[in-house]
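Each remark here refers to the structure printed beneath this line.
The values are calculated or read from the model by the stated rules, or taken from the named source; none is laboratory data. What you see is a predicted model, and the numbers here were worked out from it, not measured in a lab. Using ideal geometry, Cβ is built from the backbone for each residue, glycine included, and neighbour counts are taken over all protein chains shown. Accessible surface areas use protein heavy atoms only, side chains included; no ligands, DNA or RNA. Shrake-Rupley method; radii C 1.70, N 1.55, O 1.52, S 1.80 Å.
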Amino acid sequence: MERKPVVGHVVIKLPKSKDEIQRLIVAELRTFADCESALGIVVTPIVDYADAATWTVSCFHRGESDGYACDRALQRIVPHFQQLYDFVQ
């Protein structure tokens with residue numbers, strides 16, 4: 001995984017496109033138990049981002065994976081990736 005650059009005490013997020021973020025999250029999601037055959041997720045920008053997140057996952061396609069397991073995994077993955085990556089058009 002990429003390391004975040006730090007300037008002073010400010011963490012600089014790495015800019016990523018929608019497709020890049022989606023690929024990274026799906027790859028991570030497939031490492032979780034019962035999520036190995038998840039097919040995809042949809043990242044959408046957050047227009048009024050008060051808590052520094054510029055994007056979120058609006059939905060996912062579980063494929064043959066367990067939907068509940070994927071939802072729980074995404075609850076762990078998404079906040080972490082939001083700290084690492086900024087959504088860029």
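Before moving on, here are some points about what is shown:
- When restricted to residues that are assigned to a strand (DSSP E or B) and over 18 Å from residue 15 (Cα atoms), the stretch 37-50 contains 2.
- The stretch 14-36, residues that are surrounded by fewer than 18 Cβ atoms within 10 Å (Cβ to Cβ), basic (Lys, Arg) and not in a helix (DSSP H, G or I): 30
- Enumeration of residues in the stretch 51-89 that are assigned to a helix (DSSP H, G or I), within 21 Å of residue 13 (Cα to Cα), in contact (Cβ under 8 Å) with a residue 40 or more places away in the chain and open to solvent by less than 70 Å² (accessible area, probe 1.4 Å): 74, 77, 78, 81, 84
- On the stretch given as the stretch 38-50, residues that are closer than 14 Å to residue 27 by Cβ and open to solvent by less than 50 Å² (accessible area, probe 1.4 Å) total 4.
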